[in-house]
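Below you'll find the structure, written out as structure tokens, and then a few comments.
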Amino acid sequence: MPRHNTHCPLQDADSSTASPPRGWSATFTNPKILENMLKYSTGLDATLELSEDRGSRYIFSSGKDYYIWNTASEQGWRILNVQNREDLYSNVASRGKGLGGLELEELPDYGSDLEG
């Protein structure tokens, strides 16, 4: 019987075989809907990387940068000390559910420009 390879949707040449950090998932039910929401909220073309288990935070990439968005507070930050997925996973994992391993820069309030 032929063996079928299963493709991990987030695995690419830049990624390792590391598992997502505890408290986070790299599996998304509706990734395009979430990416559209992130684009509307931040103005950035988003590629989902992680979602917080039982939480409201998403980590995504846009271009060569990584970002975190909190849907509950409608706030976002650019992650300054992450260059690739391996850095992301290890920095998020270094503080468990917290994000203490990440250096963050707050994003401007993109949504306010849309209100009249």
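The values are calculated or read from the model by the stated rules, or taken from the named source; none is laboratory data. Note that the coordinates shown come from a computational prediction; the quantities given were computed from them, not determined experimentally. Glycine gets a Cβ as well: all are built from the backbone with ideal geometry, and neighbour counts include every protein chain shown. The protein model used for the area step is the full one, side chains on, heavy atoms only, and it has no ligands, DNA or RNA in it. Shrake-Rupley method; radii C 1.70, N 1.55, O 1.52, S 1.80 Å.
Here are the numbers for this structure:
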quantity: Only listed residue being more than 16 Å from Leu104 (Cβ to Cβ) and assigned to a helix (DSSP H, G or I), chosen from Ser51, Ser41; calculated: Ser41
quantity: Residues within region 56-89 that are outside any strand (DSSP E or B) and without any contact (Cβ under 8 Å) to a residue 40 or more places away in the chain, tallied; calculated: 13
quantity: Selected residue (criterion: most open to solvent (accessible area, probe 1.4 Å)) from residues of region 33-72 that are closer than 19 Å to Pro20 by Cβ and of a type in the set (Lys, Arg); calculated: Arg54
quantity: Per-region count, region 73-87, residues surrounded by fewer than 17 Cβ atoms within 10 Å (Cβ to Cβ) and of a type in the set (Val, Ile, Thr); calculated: 0
quantity: Failed condition for Met1, given (1) at pLDDT 95 or above; (2) over 17 Å from Ser90 (Cα atoms); (3) of a type in the set (A, V, I, L, M, F, W, C); calculated: (1)
